[in-house]
Amino acid sequence: MKPFQQPQPSNGRPSSRPRRRPDLTLPLPQPQPQPQMAVPLPLPPSCAANHQHINFSELVRLNRIGSGSGGTVYKVLHRPTSTIFALKVIYGTHDEDARRQICREIEILRGVDNLNVVKCHDMYDRAGEIQLLLEYMDCGSLEGTRLSDEPSLADLARQVLSGLYYLHGRKIVHRDIKPSNLLINSKKHVKIADFGVSRILEQTMDPCNSSVGTIAYMSPERINTDLNEGRYDGCAGDIWSVGVSILEFYIGRYPFNVGRQGDWASLMCAICLTQPPQAPATASREFQDFVGCCLQIDPAKRWTAAQLLRHPFVTGGGVVVNHMHNHKHKPKQNQVHPTYQLPPPRPQFSS
């Protein structure tokens, strides 16, 4: 068979439009695998201008400062600036779709900028391992802290609620508020850590694990979806966790009649099938009421972070109405303690 030749037009010049041959196909080049490198992920446009990338090769690990089921945290030094950071290495394996979702989650975290939220400076994907470069809090977490002095506890609550108010206003739900995720530095600034990381861990942990972390601080409707007809308000869930944590600081132990490291069934029964814990009778009426406003079984009756910032326990505003049983006095949703927009006053409590 003679090879196919393009027909020549009558004027003898080659045609500029070759005829299509649907029976002919050309193989496309296969993409070549790229080597794994420690590279930063792109920032959202809103915060890219203010972000300075920190080269992973310039970080030196000093020592391990914490570890758990989700990952390990190291104290690291940035050699060019002598700045100390915390580097969180997240465990787990994930496919490409999960990785892209994780990257989107972390991009949101990197755009957060609040005095009461631990800053996420950078993120690296190194050999398939996700690592977060975080603000270093030199005094560690508040886990195991007892703080029965109410003015000091009120200041702690104000700082936590200020951070939550900021996050909730940006549609960011923490999902894992507990004493070990509340960090403090030598300036007595309390900051929320690991916001959004629990969501990342749920996508990276071994699927055989039925739960990430403990349920000890989870709200009843999150544990048992039948309690609220399957509806879950993440912001209200965070407020429940704040109430449990603040009460634990006051009494010096986990407030339910079961150990927080107990088995799942015992914790579930204590949280979902018993009445919420209350502050002891020796506490002020303001503190008793504050705890009650956080630990409502019905999530719709829990106060928001904005409303709790105006609570007399937090503001030191004197006599309190019993809001636990009289919700018509609940502040309007958009009302916030008037000093919130100003820089927070110097923290008063001491650890």
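The values are calculated or read from the model by the stated rules, or taken from the named source; none is laboratory data. Please read all numbers here as calculations on a predicted model, not as lab measurements. Cβ sites come from the backbone with ideal geometry, for glycine too, and all protein chains shown count toward neighbours.
Is it the case that residue 163 is under 29 Å from residue 261 (Cα atoms), part of a loop (DSSP other than H, G, I, E, B) and in contact (Cβ under 8 Å) with a residue 12 or more places away in the chain? If you could, list the steps in order and put the result at the bottom.
Values: under 29 Å from residue 261 (Cα atoms): yes; part of a loop (DSSP other than H, G, I, E, B): no; in contact (Cβ under 8 Å) with a residue 12 or more places away in the chain: yes.
When the stated conditions are applied, residue 163 does not pass them.
Can you find a residue in segment 183-202 that is among the β-branched types (Val, Ile, Thr), more than 13 Å from the chain's Cα centre (by Cα), modelled with pLDDT under 95 and not assigned by TED's automatic domain parsing to the domain that holds residue 73? Break it down stepwise before answering.
Taking segment 183-202 first, the residues among the β-branched types (Val, Ile, Thr) are 184, 190, 192, 197, 200.
Within this subset, residues satisfying the condition of being more than 13 Å from the chain's Cα centre (by Cα) are 184, 190.
From what's left, modelled with pLDDT under 95: none.
No, because not a single residue in segment 183-202 is among the β-branched types (Val, Ile, Thr), more than 13 Å from the chain's Cα centre (by Cα), modelled with pLDDT under 95 and not assigned by TED's automatic domain parsing to the domain that holds residue 73.
Among (1) assigned to a helix (DSSP H, G or I); (2) under 22 Å from residue 77 (Cα atoms); (3) among the charged types (D, E, K, R), which single condition is residue 122 missing?
Just one mismatch for residue 122, condition (1).
Which residues, taken from segment 247-268, are assigned to a helix (DSSP H, G or I), at pLDDT below 95 and closer than 19 Å to residue 237 by Cβ?
First, the residues of segment 247-268 that are assigned to a helix (DSSP H, G or I): 247-251, 264-268.
Checking which are at pLDDT below 95 leaves us with 264-268.
Passing the criteria: 264, 267, 268.
Take the residues of segment 108-166 that are small (Gly, Ala, Ser) and more than 20 Å from residue 309 (Cβ to Cβ): which is nearest to the chain's Cα centre (by Cα)? Give the derivation first.
Keep residues of segment 108-166 that are small (Gly, Ala, Ser), which gives 111, 127-128, 140-141, 144, 148, 152, 154, 157, 162-163.
Checking the rest, the ones that are also more than 20 Å from residue 309 (Cβ to Cβ) come to 111, 127-128, 140-141, 144, 148.
Values: 111: 13, 127: 24, 128: 22, 140: 17, 141: 15, 144: 21, 148: 27 Å.
For segment 108-166, the residue satisfying everything is 111.
Take the residues in segment 82-105 that are surrounded by fewer than 18 Cβ atoms within 10 Å (Cβ to Cβ), assigned to a loop (DSSP other than H, G, I, E, B) and modelled with pLDDT under 95, then tell me which one is nearest to the chain's Cα centre (by Cα).
91
Applying the selection to segment 31-68, what residues are touching a helix residue (DSSP H, G or I) at 6+ places or on another chain (Cβ under 8 Å) and either at pLDDT 95 or above or assigned to a loop (DSSP other than H, G, I, E, B) (or both)?
Once the filter is applied, which keeps residues that are touching a helix residue (DSSP H, G or I) at 6+ places or on another chain (Cβ under 8 Å) and either at pLDDT 95 or above or assigned to a loop (DSSP other than H, G, I, E, B) (or both), segment 31-68 yields 38, 41, 42, 43, 44, 51.
For segment 298-312, what are the residues that are hydrophobic (A, V, I, L, M, F, W, C) and touching a helix residue (DSSP H, G or I) at 6+ places or on another chain (Cβ under 6 Å)? Steps first, answer last, please.
To start, the set of residues in segment 298-312 that are hydrophobic (A, V, I, L, M, F, W, C) comprises 300, 303, 305-306, 308-309.
Scanning segment 298-312 gives 303, 305, 306, 308, 309.
Select from segment 172-194 the residues that are part of a loop (DSSP other than H, G, I, E, B) and among the small types (Gly, Ala, Ser) and write down the one among them that is surrounded by the most Cβ atoms within 10 Å (Cβ to Cβ). Give the derivation first.
Restricting attention to segment 172-194, the residues satisfying the condition of being part of a loop (DSSP other than H, G, I, E, B) are 172-178, 185-189, 193-194.
Still in the running and among the small types (Gly, Ala, Ser): 186, 193.
Numbers: 186: 8, 193: 22.
The selected residue is 193.
Being surrounded by 19 or more Cβ atoms within 10 Å (Cβ to Cβ) and either in contact with a Ser or Thr (Cβ under 7 Å, 6 or more places away or on another chain) or closer than 22 Å to residue 229 by Cβ (or both) is the filter here, so list the residues in segment 271-293 that pass it.
271, 276
In segment 219-246, what count of residues is obtained for those that are surrounded by fewer than 13 Cβ atoms within 10 Å (Cβ to Cβ), in a helix (DSSP H, G or I) and of a type outside the set (S, T, N, Q)?
We begin by selecting, within segment 219-246, every residue surrounded by fewer than 13 Cβ atoms within 10 Å (Cβ to Cβ); these are 225-226, 229-231.
Those left that are additionally in a helix (DSSP H, G or I): 225-226.
Add one more test, that the residue is of a type outside the set (S, T, N, Q), and what stays is 226.
Going through segment 219-246 one residue at a time, the tally reaches 1.
For segment 109-136, name all the residues that are touching a Ser or Thr at 6+ places or on another chain (Cβ under 9 Å), closer than 21 Å to residue 59 by Cα and not aromatic (Phe, Trp, Tyr).
128, 130
So how many residues does segment 294-319 have that are surrounded by fewer than 18 Cβ atoms within 10 Å (Cβ to Cβ) and out of contact with any His (no Cβ under 7 Å at 6 or more places or on another chain)?
7
Just wondering, is there one or more residues in segment 133-147 that are modelled with pLDDT of 90 or more, over 18 Å from residue 116 (Cβ atoms) and of a type in the set (A, V, I, L, M, F, W, C)? Steps first, please.
So the first thing to find is which residues in segment 133-147 are modelled with pLDDT of 90 or more, and the list is 133-147.
Next cut, over 18 Å from residue 116 (Cβ atoms) only: 133, 144, 146.
If we keep only those that are of a type in the set (A, V, I, L, M, F, W, C) too, we end up with 133.
Scanning segment 133-147 turns up at least one residue that is modelled with pLDDT of 90 or more, over 18 Å from residue 116 (Cβ atoms) and of a type in the set (A, V, I, L, M, F, W, C).
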